[in-house]
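Peer 1: Following this message is one structure expressed as structure tokens.
The values are calculated or read from the model by the stated rules, or taken from the named source; none is laboratory data. Please read all numbers here as calculations on a predicted model, not as lab measurements. Cβ sites come from the backbone with ideal geometry, for glycine too, and all protein chains shown count toward neighbours. Side chains are part of the model used for accessible areas, which takes the heavy atoms of the whole protein and leaves out ligands, DNA and RNA. Shrake-Rupley method; radii C 1.70, N 1.55, O 1.52, S 1.80 Å.
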Amino acid sequence: MAVFGGLITVGCADTVSGQATVNEADRAAHVTSVSAAAATSSSKARAAQGAVCGPFLTSALQVKLKIDALKRRLDEKDDRAASRTAAQDAATALDDSGDKVDTALAANKVSTSLNTALTEYASAAHAFGTELNKLALGSGDSAVVTTAQTRYFTAKDAAITACGSS
């Protein structure tokens, strides 16, 4: 063991005199390649964000339009059939929105924070759609619908923030 330790010491005892200098051509090539890789990575991240946030934003707008139509029907105290149809349309828009976001997330790798916000949005949209549809069919509970609605709007606001800041 002592001989082995001595061999390592002797092998590492050689010194080289002189001063280290950077090969400028190699350094420039390295910096360029690192910068290009970072730009490509950043570009891919932005493209993935757009591929996920785009469907979210357009489908969330469709949901808003359907919910606004439902609110108008309820405010006007329209006939029950028209209100039921508007509620079912809103429920369908919510489910479609959740599906579009789920599909976009499955096809694109995005940051953890964006993924979390949009996953919660999709889940909240599905839950609100389900409860709204139950209510339209006469089997829902208005307290459960209100809870699902609150969750949906909270998740939508968080997803909008995540899409804007990612």
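Peer 1: Which ³J(HN,Hα) values in Hz, rounded to whole numbers, follow from the phi angles of the range 102-116 under the Karplus curve 6.51 cos²θ - 1.76 cosθ + 1.60, where θ = phi - 60° and Gly and Pro get x?
Peer 2: Taking θ as phi minus 60°, the curve returns 4, 5, 5, 5, 5, 8, 9, 8, 10, 4, 4, 5, 5, 4, 4 Hz for the range 102-116.
Peer 1: Count charges around ALA124 for me, please; just the other residues with Cβ under 10 Å from its Cβ, Lys/Arg as +1, Asp/Glu as -1. List each step's numbers first, then the result.
Peer 2: Working: positive: ARG151, LYS156; negative: GLU120.
Neighbour charge sum, excluding ALA124 itself: +1.
Peer 1: To continue, here is another question. From zero up to wherever the largest Cα-Cα distance of the range 113-166 sits, split into 5 Å bins and tell me the percent of pairs in each.
Peer 2: Spelled out bin by bin, the range 113-166 gives 4, 25, 24, 18, 13, 9, 6, 2, 0 percent.
Peer 1: Using 0.36 nm per residue, how much length does the chain from SER113 to LEU65 gain when fully extended, once their Cα-Cα distance is taken away?
Peer 2: Details: separation 48, 0.36 × 48 = 17.28 nm, distance 2.72 nm.
Residue separation times 0.36 nm, minus the Cα-Cα distance, leaves 14.6 nm.
Peer 1: So, one more: Report, in listed order, any pair from LYS77/LYS100; LYS77/LYS156; LYS100/LYS156; LYS66/LYS134; LYS44/LYS64; LYS109/LYS156 with a Cα-Cα distance greater than 24 Å. Please list the in-between numbers first.
Peer 2: Details: LYS77/LYS100 32 Å; LYS77/LYS156 28 Å; LYS100/LYS156 14 Å; LYS66/LYS134 16 Å; LYS44/LYS64 30 Å; LYS109/LYS156 20 Å.
Long pairs (Cα-Cα over 24 Å): LYS77/LYS100; LYS77/LYS156; LYS44/LYS64.
Peer 1: Classify the range 42-166 as rounded, prolate or oblate, taking a ≥ b ≥ c as the square roots of the eigenvalues of its Cα gyration tensor: rounded when a/c is under 1.5, otherwise prolate if a/b is larger than b/c and oblate if not. Display every interim value, and only then the final one.
Peer 2: Numbers: a/c = 2.67, a/b = 2.33, b/c = 1.15.
The shape class here is prolate.
Peer 1: Okay, moving on. As a test question: what accessible area, to the nearest 10 Å², does ARG151 have when a 1.4 Å probe is rolled over all protein chains in place?
Peer 2: Solvent-accessible area, nearest 10 Å²: 90 Å².
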